[in-house]
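To start, the structure itself, in structure tokens.
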Amino acid sequence: LNELRQELAEAVGAVVTTLDTTTPTTPATPLVVFNALGWERTDIVDVAVELEGLSPQPTCLTVVDPDGQEVPSQWQRHGDTWRGCFVGHLPSLGFALFDLRAGGAPAAPPSCPLTAGESFLENERLRVEIDRHGDIASIVDKRDARELLAAPIGLEILDNFSARFPSWEIRWEDTSRPARARLAGPFQAAVVERGAARVALTIERSVEGSRFAQTISLAAGAAGDHVVIDTAIDWRTDGALLKMVFPLATSAERALFDQGVGVAHRPVATAGLYEVPAHQWAALREGADFTGAGAAIANDCKYGWDHAAAGTLRLTLLHTPRIGRRFRYQAKQDFGHHEVRVAIAPIRAGDSLAGTVRLAERINQPLRAFVPPASPAARTDSAASPRSFSFLALRQQEVGVQALKP
């Protein structure tokens, strides 16, 4: 992973040499942001930068886009390091230069209100409510006045036994029985972000020796069309299968599962077909032709699902089976620290499936920011040295870019 990060940094560096990285007279740090996807997008950009040698150190930072317009941002200072995020619009499969400026007071645009409390989050598009157990109990799509959930999203522990193939076997006998435990209260909740670009709250709980911290967040503007759930798990539970359960208001006898370059339609689980694979997303939509309203769930690192009931999808997170003596060296499988990102978004009736595909791509390919060396003087040829660059653009949502080579 470190080698791949270095390859990406060097590739970005090669492109940056063609861009105008000059900064205005106001002290500023240039940020080059990379969009790895083949279509224009507006998303959150997470940044950590060191601003050494500034005297005095600024009390606030603002971010300006390639057109000179300030964008929603928020920052916290830790010594010389500033950590924060902003909402950026990026060209397809391309780069854009933003200026990080010292001073000013970033403010949320009136058209994109963000609010948060210990039991709710809200932006222009969505409202999320937390119940007394610490679960997401409601997600309302304000645009269509539609509730996405039939019951709270939860984390459940199922019995998990395998005498034959403990590394990979998940048994129908275990997944078809009621959960033995569900993550619930008491819990600690705290608003950890309340800014112009994003609001977030963290909920901490424990069950059966394992600890969980879930950070739920909403972004501003066009970046805020989905709810993000970041789950950090310190796993120490024996003989257990951990699933995230999504009881959706949409009911469908067949669910949609991502197969990379295709889509599988899977029925409600039976003993002959229950735990099924998916790459980056699963969805439920109304209608036999899958064109009705519904909800999509994307994630960044888990691939086992089951369609437990007509309105329920479950994502398998961890697998620590109870095993016989022959495989006792595997008894602590999956013990340790895990981090999983999940996003849930509404699907409108008539929407193309491409929107769901793109949601998953956004979760798996976040916008990445780099600090290039600033140019010592202004460029004289602005056409030859632009502040953004795109390798290509797609005309149709049903086409995707998998690779680009010289």
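Things worth noting here:
- Charging the Cβ of each Asp and Glu at -1 and of each Lys and Arg at +1, and nothing else, the dipole of the stretch 208-296 about its Cα centre rounds to 60 debye.
- Charge dipole (debye, nearest 20) of the chain; +1 at Cβ of Lys and Arg, -1 at Cβ of Asp and Glu: 940 debye
- If the convex hull is drawn through the Cα atoms of the chain, its volume per residue in Å³: 166 Å³
- Spin-label model, ALA11/GLU169: points 7 Å from Cα along the beta carbon direction are separated by 4.2 nm.
- Rolling a 1.4 Å probe across all protein chains gives ARG77 an accessible area of roughly 120 Å².
- Lys, Arg +1 and Asp, Glu -1 on Cβ, resulting dipole of the stretch 300-366 about Cα centre, debye, nearest 20: 440 debye
- Built amide H within the under 5 Å cut-off of SER92, gap 5+: GLU40
- Per-residue packing, averaged as other Cβ atoms within 10 Å, sorts the ranges 270-278, 93-101 into the order 93-101, 270-278, beginning with the highest.
- Degrees between helix 354-364 axis and first principal axis of the chain (Cα, 0 to 90, nearest 10): 80 degrees
- The listed residues LYS142, LYS243, once ranked by accessible area (1.4 Å probe) with the largest placed first, stand as LYS142, LYS243.
- With contacts taken as Cα pairs under 8 Å and at least 6 residues apart, the chain reaches a relative contact order of 20 percent.
- For the peptides 65-76, 35-46, residues were scored by their other Cβ atoms within 10 Å and the scores averaged per peptide; the highest-first order is 35-46, 65-76.
- Selection from HIS89, GLY38, ILE130 lying farthest towards where the dipole of the chain points positive, charges on Cβ: ILE130
- In the stretch 245-318, inverting the average of 1/r over every pair of distinct C-alpha atoms gives 12.1 Å as the Kirkwood radius.
- Surface listing: THR356, THR18 arranged by accessible area from highest to lowest gives THR18, THR356, probe 1.4 Å.
- Dipole of the chain, positive end: most advanced residue of GLN365, THR231, THR316 [Cβ charges, Cα centre]: THR316
- Placing one equal scatterer on every Cα of the stretch 293-336 and applying the Debye formula, the log10 ratio I(q)/I(0) at q = 0.15, 0.20, 0.29 Å⁻¹ is -0.57, -0.78, -1.07.
- Folded to 0 to 90 degrees: helix 2-16 orientation relative to the chain principal axis, Cα: 30 degrees
The values are calculated or read from the model by the stated rules, or taken from the named source; none is laboratory data. Note that this is a predicted model, so its numbers are computed, not measured. Cβ coordinates were reconstructed from backbone atoms using ideal geometry, including for glycine residues, and neighbour counts include every protein chain displayed. In case anyone asks, the SASA skips ligands and DNA or RNA and just uses the protein heavy atoms, side chains included. Shrake-Rupley method; radii C 1.70, N 1.55, O 1.52, S 1.80 Å.
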